[in-house]
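One structure below.
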């Protein structure tokens, strides 16, 4: 499928007067003002197209970057333990029929089989996609000077001027296991209600960041007969998600924080002066190469309790101590769609 310009894209989607029809994706409904899911861009504004067949949902400590050799995008899950915390990746797939709200778990994703360890392979294969011919990032033009709630640029881009600047790359040994994504539209599923600033440990070099991405997602669109196949290391059979006009799917990649050496979830104190007690964001510093001269910490500006992501299973998180993804998108950020 060749890339197309905006006008041809809309024509191919059957859009009339730049309006996109279809609002089926209630499975990812979150805040009332956030019509969720992937996007298409009209001639002058963005509309959210809510007809995703498979949605990848990401939460926890991870990095997102492009492979310069293949052009595919990698999601690397942070697995290097600190003296206090460590993370464990769990992968779960769900189906939700359009007429029956409850989510149905897909495949043999019992906890012992859903955990993916460093060095273990994750394989995502997409057959017969529609709309997209690769990986894109939802970044529509601002409305009234404000970014869209689902704009992907809410993610912390460690290569931006707000952070460490260009030429800082992720360490593969830290962001492991890794998922290669070759087709899909990335966006912010839910941003924090709390705002943040970044600063050095002594409070110097501080800068207001605002809200950041709490949950990230990627929508995959399939033609009739298309499918997404996910192969996990401990499952005898891959999970096959076939295109179904009467259902949609979610695959959750949750890289959960635990107190080191335990199965006890991390319990952070967002206003603590010690970065280790405040959140697990400090652990990203170990994954940056070359190591910056000075570490920049994430500190709460105005804290609120936040809300839930409205996804299958549990969709709540600590809004003031977000266990969040970061990007390595270069100084100009991630490429926009289309």
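The values are calculated or read from the model by the stated rules, or taken from the named source; none is laboratory data. Please read these numbers as outputs of a predicted model, since none were measured by experiment. Glycine also receives a Cβ, built like all others from the backbone with ideal geometry; neighbour counts cover every protein chain displayed.
Quick one: is residue 254 over 27 Å from residue 201 (Cα atoms) and surrounded by 13 or more Cβ atoms within 10 Å (Cβ to Cβ)? I'd like the intermediate steps shown before the answer.
Details: over 27 Å from residue 201 (Cα atoms): yes; surrounded by 13 or more Cβ atoms within 10 Å (Cβ to Cβ): yes.
Considered against the rule, which asks whether it is over 27 Å from residue 201 (Cα atoms) and surrounded by 13 or more Cβ atoms within 10 Å (Cβ to Cβ), residue 254 comes out as yes.
Please indicate, with yes or no, whether at least one residue in the stretch 110-132 is touching a helix residue (DSSP H, G or I) at 6+ places or on another chain (Cβ under 9 Å), at pLDDT below 95, surrounded by fewer than 19 Cβ atoms within 10 Å (Cβ to Cβ) and farther than 30 Å from residue 80 by Cα. It would help to see each step written out before you state the result.
If we filter the stretch 110-132 for residues that are touching a helix residue (DSSP H, G or I) at 6+ places or on another chain (Cβ under 9 Å), which is where we start, we get 131.
Cutting the leftovers down to at pLDDT below 95 gives us 131.
Filter once more, keeping what is surrounded by fewer than 19 Cβ atoms within 10 Å (Cβ to Cβ): none.
Within the stretch 110-132 (the criterion being touching a helix residue (DSSP H, G or I) at 6+ places or on another chain (Cβ under 9 Å), at pLDDT below 95, surrounded by fewer than 19 Cβ atoms within 10 Å (Cβ to Cβ) and farther than 30 Å from residue 80 by Cα), the answer is no, since none of the residues qualifies.
Quick check, is residue 178 surrounded by 15 or more Cβ atoms within 10 Å (Cβ to Cβ) and in contact (Cβ under 8 Å) with a residue 24 or more places away in the chain? Answer is yes for this residue.
Okay, residues lined up against (1) within 19 Å of the chain's Cα centre (by Cα); (2) under 21 Å from residue 302 (Cβ atoms); (3) without any contact (Cβ under 8 Å) to a residue 24 or more places away in the chain; (4) part of a loop (DSSP other than H, G, I, E, B):
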| position | (1), (2), (3), (4) |
| --- | --- |
| 127 | no, no, no, no |
| 139 | yes, no, no, yes |
| 161 | no, no, no, yes |
| 189 | yes, no, no, no |
| 193 | yes, yes, no, yes |
| 202 | no, no, yes, yes |
| 217 | yes, no, no, no |
| 226 | no, no, no, no |
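Here is a check on your reading of the model: is residue 270 in a loop (DSSP other than H, G, I, E, B), closer than 21 Å to residue 76 by Cα, in contact with a strand residue (DSSP E or B) (Cβ under 7 Å, 6 or more places away or on another chain) and touching a residue at least 40 places away in the same chain (Cβ under 8 Å)? No: the conditions fail for residue 270.
Select from the stretch 282-338 the residues that are without any contact (Cβ under 8 Å) to a residue 40 or more places away in the chain and part of a loop (DSSP other than H, G, I, E, B) and write down the one among them that is nearest to residue 162 (Cα to Cα). Write out each step before concluding.
As a first pass, look at the stretch 282-338 and keep what is without any contact (Cβ under 8 Å) to a residue 40 or more places away in the chain: 285, 291, 293, 314, 316, 332.
Among the residues that remain, those that are also part of a loop (DSSP other than H, G, I, E, B) are: 291, 293, 314, 316, 332.
Details: 291: 16, 293: 15, 314: 32, 316: 28, 332: 11 Å.
Checked the stretch 282-338; the qualifying residue nearest to residue 162 (Cα to Cα) is 332.
Taking residue 226 as the residue in question, decide whether it is surrounded by fewer than 23 Cβ atoms within 10 Å (Cβ to Cβ) and at negative phi. Yes.
Evaluate the following for residue 191: is it surrounded by 23 or more Cβ atoms within 10 Å (Cβ to Cβ) and either at pLDDT 95 or above or over 24 Å from residue 114 (Cα atoms) (or both)?
Values: surrounded by 23 or more Cβ atoms within 10 Å (Cβ to Cβ): yes; either at pLDDT 95 or above or over 24 Å from residue 114 (Cα atoms) (or both): yes.
Answer is yes for this residue.
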